[in-house]
Amino acid sequence: MSAEKGIRRALLSVSDKTGLLEFAKFLAGRGVELISTGGTAKTLREAGVKVVELSDYTGFPEMMDGRVKTLHPKVHGGLLQRRDLATHREQAAKHQISPIDLVVVNLYPFEQTVARPDCTTDLAIENIDIGGPSMLRSAAKNHEAVTVVTDPSDYAMVQKEIEVHGDTAAATRRKLAAKVFRHTAHYDHLIGSYLTRLAEPDQPVLQESAGMVRRRAQSLRYGENPHQKAALYGSFFSSTPTHAGWDREKNCSRHGKRPMRPIDKPRLAGSL
């Protein structure tokens, strides 16, 4: 890694603004340069937080009704450059690409949008986020150097580590990166399932892989054994906890440490 460490530059672009102002003010108070987009930048600016509009940072305007705004080398080069490689640092300097150390991004609310009774196909399509997942994935891939936050509930943890150490721990960055890839996989699966139902309305959705779209509804006290963890998961396309729509899946571990293959038991839901 280069000698210069810590959080010096952050990119914030969120649809869920829960906790955003408090976290942004904390970063600004530490002298972190804040870069932001559209509505996020407007929210910060109106609250008196100094922020650089992304289009000013990249020198390229937002266009096509916001479809193109973050897909730029100054963004992804800033996220993906390896700080420990001289060639990366030289290329970044040549093209005036500054490193981005922290990314705070959550995605267009596709799941909530398609659940609305008045949702049209056009509205659903416009709520498929492209730039957000791209930034999240770039930051998560380079988590050795970049901290990536997609869940507002993680702001406090990240803030505490920065307060104490000036940066986040490597273990925290890896944990957050893993969370990002789980989140984007879930997001893409929702979109794939939705579009499949539009394309083949009379056919069941038979995915190429066995992954299923479920959201954790409840954490359970224990799994098959007291030392194991368990949770209740609900199908995205089922709104009530029925036998068919809800499954008991266990993230079991041998001796409480190593993860094992999840067990799917759809008929256990009613007996919990």
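Side notes on the structure shown:
- Loop GluC sites (Glu not before Pro), the range 1-56, which have at most 15 other Cβ atoms in a 10 Å radius of their Cβ (DSSP): 4
- Counting neighbouring Cβ atoms within 10 Å and putting the fewest first, the residues 56, 101, 129, 202 line up as 202, 56, 129, 101.
- Cα-only Debye scattering, the range 9-196: base-10 log of I(q)/I(0) at q = 0.08, 0.10, 0.11, 0.20 Å⁻¹: -0.26, -0.40, -0.49, -1.53
- Scanning residues 5 or more positions from residue 220 or on other chains, those with amide H under 5 Å from its amide H are 230, 231, 232, with H placed 1.01 Å from N in the peptide plane.
- Whole-Hz Karplus values for the range 150-162 come out as 10, 10, x, 5, 8, 4, 4, 5, 5, 4, 4, 5, 5 Hz, taken residue by residue from phi with 6.51 cos²θ - 1.76 cosθ + 1.60 and θ = phi - 60°; glycine and proline positions read x.
- In the range 8-62, the trypsin sites (Lys or Arg not before Pro) that fall in loop regions by DSSP, at most 15 other Cβ within 10 Å: 17, 30, 50
- By the count of neighbouring beta-carbon atoms within 10 Å, fewest first, 75, 52 end up ordered 52, 75.
- Taking every alpha-carbon pair under 8 Å whose residues sit at least 6 apart, the range 9-196 reaches a relative contact order of 21 percent.
- Peptide packing for 146-152, 190-196 was compared via the average number of neighbouring C-beta atoms within 10 Å per residue; ordered from the highest value, the list is 146-152, 190-196.
Values quoted throughout were computed directly from the atomic coordinates according to the rules given, and no laboratory measurement underlies them. Here the structure is a predicted model, which is why all the values come from computation and not from measurement. Ideal geometry is used to build each Cβ from the backbone, glycine not excepted, and the neighbour counts take in all protein chains shown.
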